[in-house]
1. Within the group Thr178, Thr136, Thr167, which residue is surrounded by 15 or more Cβ atoms within 10 Å (Cβ to Cβ), touching a residue at least 60 places away in the same chain (Cβ under 8 Å) and in contact with a Gly (Cβ under 7 Å, 6 or more places away or on another chain)?
2. Is there a residue in the stretch 90-102 that is out of contact with any Asp or Glu (no Cβ under 9 Å at 6 or more places or on another chain), surrounded by 14 or more Cβ atoms within 10 Å (Cβ to Cβ) and touching a residue at least 40 places away in the same chain (Cβ under 8 Å)?
3. What's the total number of residues in the stretch 154-188 that are over 13 Å from Phe33 (Cβ atoms) and part of a strand (DSSP E or B)?
4. Which one of the conditions (1) of a type outside the set (D, E, K, R); (2) over 20 Å from Glu38 (Cα atoms); (3) part of a strand (DSSP E or B) does Gly112 fail to meet, given that it meets all the rest?
5. Out of the residues in the stretch 17-62 meeting the condition of being among the charged types (D, E, K, R) and over 18 Å from the mean Cα position of the chain (by Cα), tell me which one is surrounded by the fewest Cβ atoms within 10 Å (Cβ to Cβ).
6. Answer yes or no as to whether Ala28 is over 30 Å from Glu168 (Cβ atoms) and modelled with pLDDT of 95 or more.
7. Would you mind telling me which numbered condition in (1) part of a strand (DSSP E or B); (2) modelled with pLDDT under 95 Met146 fails?
8. Considering only residues that are among the hydrophobic types (A, V, I, L, M, F, W, C), in contact (Cβ under 8 Å) with a residue 60 or more places away in the chain and within 14 Å of Val183 (Cα to Cα), look in the stretch 139-161 and name the one that is surrounded by the most Cβ atoms within 10 Å (Cβ to Cβ).
Amino acid sequence: MKKFACLAILFALFQSAHAADWKMDPSASKLEFATTFEKTVAPGVFKEFDTRLHFDAAKPAGSRLDVTIKITSADMSSADINKEIAGAEWFDYALHPQAEFHSTDIVRSPAGPQSYIAHGTLTLKGVQQPVDVLFTWNATTDGAIMEGGFTVKRGQFNIGTGEWAVTEGKGAIGADVTVKFRVQLRKA
């Protein structure tokens, strides 16, 4: 029994030895979000976020993705809208200046040969929800590019409460928020 336990530990160490730690290049990375306002796309961007990845593309089991987003860096290209989304009905910067995603596991996706799914938990505005993040992995000569996205229901995170909770009709904000990213990574 002890031999089996030792072999299992050695195997786990060998497996994790091939995984690399990756750190984001902020100047070459982008995190965008979009919803709709009266059925017209309303895009935005988070200007400050950090992505850290422990990953082996050949063997994604045991890999880990951690993302921290400075919510206060949200920009929807309008001073009035940016002021509005800072309030308690939207992102509530005062109480929740940061969001986080932490994967629980990463698996290959049937979407393609370099496609993966990071299953994890998104914490936003004090609410935790399970989220699956689909991404592609493309190795480059000096690092890797990770691109992908996911969609969440804003109501699940109490984003857009009060009069903004309505998702249909004139003046309505869509229920879905699409998040897209392109992250340039280098080995840490």
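The values are calculated or read from the model by the stated rules, or taken from the named source; none is laboratory data. All values derive from a computational prediction rather than experimental measurement. Cβ placement follows ideal geometry from the backbone for every residue including glycine, while neighbour counts extend to all protein chains displayed.
1. Numbers: Thr136 fails: touching a residue at least 60 places away in the same chain (Cβ under 8 Å); Thr167 fails: touching a residue at least 60 places away in the same chain (Cβ under 8 Å).
Matching residue, one of Thr178, Thr136, Thr167: Thr178.
2. Yes, there is a match, as at least one residue in the stretch 90-102 is out of contact with any Asp or Glu (no Cβ under 9 Å at 6 or more places or on another chain), surrounded by 14 or more Cβ atoms within 10 Å (Cβ to Cβ) and touching a residue at least 40 places away in the same chain (Cβ under 8 Å).
3. Residues meeting the conditions: 6.
4. For Gly112, the failing item is (3).
5. Taking the stretch 17-62 and keeping what is among the charged types (D, E, K, R), we get 21, 23, 25, 30, 32, 38-39, 47-48, 50, 52, 56, 59.
Within this subset, residues satisfying the condition of being over 18 Å from the mean Cα position of the chain (by Cα) are 38-39, 56, 59.
Working: Glu38: 11, Lys39: 8, Asp56: 16, Lys59: 13.
So the residue we want is Lys39.
6. Values: over 30 Å from Glu168 (Cβ atoms): yes; modelled with pLDDT of 95 or more: yes.
It is true that Ala28 is over 30 Å from Glu168 (Cβ atoms) and modelled with pLDDT of 95 or more.
7. Status for Met146: all satisfied but (2).
8. Within the stretch 139-161, the first condition is being among the hydrophobic types (A, V, I, L, M, F, W, C), and the residues that meet it are 139, 144-146, 150, 152, 157, 159.
Narrowing the set further to residues that are in contact (Cβ under 8 Å) with a residue 60 or more places away in the chain leaves 139, 144, 146, 159.
If we keep only those that are within 14 Å of Val183 (Cα to Cα) too, we end up with 139, 144, 146.
Values: Ala139: 11, Ala144: 18, Met146: 24.
My answer is Met146.
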